[in-house]
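*Asks:* Provided herewith is a single structure, encoded as structure tokens, for subsequent inquiry.
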Amino acid sequence: MADAATSGRRPTRGRRPAREARQSVGRAGVGRPGVVWALPGALFFVFFAVAPMVLVGALAFTDWDGIGTPSWTGMSNWSRLWDDPETHQAIWLSLILTVLTWVFQTPLALLLGVWAAGRQRNRAVLSAIFFLPLLGSSVALALVWKSLLDPNFGLIADIGPALGFADGDLLGSSKGAFGAILFVTAWQFIPLHTLIYQGGARAIPRSLYDAAAIDGAGTVRQFFSITLPQLRNTIVTSSVIMVVGALTFFDTVLILTKGGPGTDTTIVPYLMYKNGFQAFDLGYASAVATILVVVATTVSLLLVRLTGFAAMRSTREGM
């Protein structure tokens, strides 16, 4: 009877490994969609990103007013680009705006994001109010600030003297206009980066802070020893978005200053617009746009490369 019972159990043991093997093979195939699933996104990217950039690159070697047939001019647009002092100034102003944007926005967004990730009283209400600028379009917000900065009936007419502008004409000054663009863009986009840092801060394991508190580390020490190292991936991500956005920023400059006074706030995107849609010199505007794409892409790749972002796998060492 023992032999019979034993022999009766053998088929069960023999079937179990085979069944588990089939299940493991099935699990291995789950979650790996085929190439067909990526086709819609790839086609969208090709038609609406790659193809327009290739077309703009080709138009950079032509003379075209946007109506007739483009005529091939070779390297004439690029020679003009190399010798044009207004283009040199626009590139320099774009670089200054990009650097100041990062220096001004990153610390504020980082601190606000870490604060918003906490559990302070009324934090949710204050965060919702702070994030309101994200709901409006750039053009609408720029029009609001254009009215506030009007020297005749805007708010700047009252507070201008305290800021060093006796007549309240902030946008009529070179430094004032550039500072206004920097402030308005920061007011609009710091909430976006605050959300990014808030998500990163909430992903940090609480056990790290508990262990640091047991060792006697205070709030400041925890911030520099735990929060900042754990947010290094988030900092790189936010910086890339911020830098590319600053290099391609356009609508606020168009509404607030129109590149003025003179050409003191004419950055590269506005220079492209002015040549293409005001002077109808789309060939030269395409050359400016090509330079802008190359510079923005190069800066983004350098940020990823120099920060070691591509080699990062996880910030949870020891977890």
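*Asks:* Could you list all residues from the stretch 231-275 that are free of Cβ contacts under 8 Å to residues at least 24 places away in the same chain and either polar (S, T, N, Q) or farther than 18 Å from LEU182 by Cα (or both)?
*Replies:* Result: MET272, TYR273, LYS274, ASN275.
*Asks:* Taking the condition of being open to solvent by 40 Å² or more (accessible area, probe 1.4 Å), part of a helix (DSSP H, G or I), farther than 17 Å from GLY179 by Cβ and modelled with pLDDT of 85 or more, how many residues in the stretch 133-156 meet it?
*Replies:* 5
*Asks:* Between residues in the stretch 62-81 that are under 15 Å from MET272 (Cβ atoms) and part of a helix (DSSP H, G or I) and residues that are open to solvent by 50 Å² or more (accessible area, probe 1.4 Å) and not aliphatic (A, V, I, L, M), which pairs lie under 9 Å by C-beta distance while being six or more apart or on different chains?
*Replies:* Matching pairs, first to second residue: ASN77/PHE61; ASN77/ASP63; TRP78/PHE61.
*Asks:* Sticking with this one: Residue by residue through the stretch 166-181, note down the ones that are in contact (Cβ under 8 Å) with a residue 12 or more places away in the chain and surrounded by fewer than 18 Cβ atoms within 10 Å (Cβ to Cβ).
*Replies:* Correct list: ASP167, GLY172, SER173, SER174.
*Asks:* Let me ask another. Go through the stretch 222-248 and give me each residue that's surrounded by 21 or more Cβ atoms within 10 Å (Cβ to Cβ) and among the charged types (D, E, K, R).
*Replies:* None; the set is empty.
*Asks:* What are the residues in the stretch 110-125 that are open to solvent by 80 Å² or more (accessible area, probe 1.4 Å) and either over 27 Å from ILE204 (Cα atoms) or part of a helix (DSSP H, G or I) (or both), if any?
*Replies:* So in the stretch 110-125, the residues open to solvent by 80 Å² or more (accessible area, probe 1.4 Å) come out as 111, 115, 119, 121-122, 125.
Across the stretch 110-125, the qualifying residues are LEU111, TRP115, VAL125.
*Asks:* Would a scan of the stretch 98-109 turn up a residue that is open to solvent by 50 Å² or more (accessible area, probe 1.4 Å), more than 15 Å from THR194 (Cα to Cα) and assigned to a loop (DSSP other than H, G, I, E, B)? Before the answer, list the steps.
*Replies:* The first filter runs over the stretch 98-109 and keeps only residues open to solvent by 50 Å² or more (accessible area, probe 1.4 Å), leaving 99-100, 102-104, 107-108.
Checking which are more than 15 Å from THR194 (Cα to Cα) leaves us with 99-100.
Keeping just the survivors that are assigned to a loop (DSSP other than H, G, I, E, B) gives none.
No, because not a single residue in the stretch 98-109 is open to solvent by 50 Å² or more (accessible area, probe 1.4 Å), more than 15 Å from THR194 (Cα to Cα) and assigned to a loop (DSSP other than H, G, I, E, B).
*Asks:* Please give the number of the condition PHE44 fails out of (1) assigned to a helix (DSSP H, G or I); (2) in contact (Cβ under 8 Å) with a residue 60 or more places away in the chain.
*Replies:* Result: PHE44 passes all but (2).
*Asks:* Here is a follow-up. Considering only the stretch 66-85, state which residues are on the phi < 0 side of the Ramachandran plot and out of contact with any helix residue (DSSP H, G or I) (no Cβ under 7 Å at 6 or more places or on another chain). So that I can check it myself, show each step before the final result.
*Replies:* First, pick out the residues of the stretch 66-85 that are on the phi < 0 side of the Ramachandran plot: 67-73, 75-85.
Across the stretch 66-85, the qualifying residues are ILE67, GLY68, THR69, SER71, TRP72, MET75, SER76, SER79, TRP82, ASP83, ASP84, PRO85.
*Asks:* Does ALA289 meet the test of being within 15 Å of the chain's Cα centre (by Cα) and either part of a loop (DSSP other than H, G, I, E, B) or modelled with pLDDT of 90 or more (or both)?
*Replies:* Numbers: within 15 Å of the chain's Cα centre (by Cα): no; either part of a loop (DSSP other than H, G, I, E, B) or modelled with pLDDT of 90 or more (or both): yes.
No, not satisfied.
*Asks:* Now, a different point. Looking for something part of a helix (DSSP H, G or I), more than 19 Å from TRP64 (Cα to Cα) and open to solvent by 60 Å² or more (accessible area, probe 1.4 Å) - is there at least one such residue anywhere in the stretch 249-259? Lay out the reasoning, then the answer.
*Replies:* Taking the stretch 249-259 and keeping what is part of a helix (DSSP H, G or I), we get 251-256.
Subsequent filtering for residues that are more than 19 Å from TRP64 (Cα to Cα) retains 251-256.
From the residues that got through so far, the ones that are open to solvent by 60 Å² or more (accessible area, probe 1.4 Å) too are none.
The answer is no, given that none of the residues of the stretch 249-259 is part of a helix (DSSP H, G or I), more than 19 Å from TRP64 (Cα to Cα) and open to solvent by 60 Å² or more (accessible area, probe 1.4 Å).
*Asks:* Of ALA124, ALA109, ALA142, which residue is out of contact with any His (no Cβ under 8 Å at 6 or more places or on another chain), in contact (Cβ under 8 Å) with a residue 40 or more places away in the chain and of a type outside the set (Ser, Thr, Tyr)? Steps first, answer last, please.
*Replies:* Details: ALA124 fails: in contact (Cβ under 8 Å) with a residue 40 or more places away in the chain; ALA109 fails: out of contact with any His (no Cβ under 8 Å at 6 or more places or on another chain).
Of the residues listed, the single one that is out of contact with any His (no Cβ under 8 Å at 6 or more places or on another chain), in contact (Cβ under 8 Å) with a residue 40 or more places away in the chain and of a type outside the set (Ser, Thr, Tyr) is ALA142.
*Asks:* Test each condition in (1) surrounded by fewer than 16 Cβ atoms within 10 Å (Cβ to Cβ); (2) of a type in the set (A, V, I, L, M, F, W, C); (3) over 24 Å from the mean Cα position of the chain (by Cα) for ALA128 and report the one that comes out false.
*Replies:* It is condition (3) that ALA128 fails.
*Asks:* Let me spell it out: the conditions are (1) open to solvent by less than 20 Å² (accessible area, probe 1.4 Å); (2) of a type in the set (A, V, I, L, M, F, W, C); (3) within 30 Å of ASP264 (Cα to Cα), and ILE204 meets all of them except one. Which number is the exception?
*Replies:* That leaves (3) as the condition not met.
*Asks:* Within the bounds of the stretch 301-310, is there any residue that is surrounded by fewer than 18 Cβ atoms within 10 Å (Cβ to Cβ), among the aromatic types (Phe, Trp, Tyr) and part of a helix (DSSP H, G or I)?
*Replies:* yes
The values are calculated or read from the model by the stated rules, or taken from the named source; none is laboratory data. Just so you know, these numbers come straight off a predicted model, no measurement behind them. All Cβ positions, even for glycine, are placed from backbone atoms using ideal geometry, and neighbour counts span all protein chains on display. Surface accessibility is based on the protein's heavy atoms, side chains included, excluding ligands, DNA and RNA. Shrake-Rupley method; radii C 1.70, N 1.55, O 1.52, S 1.80 Å.
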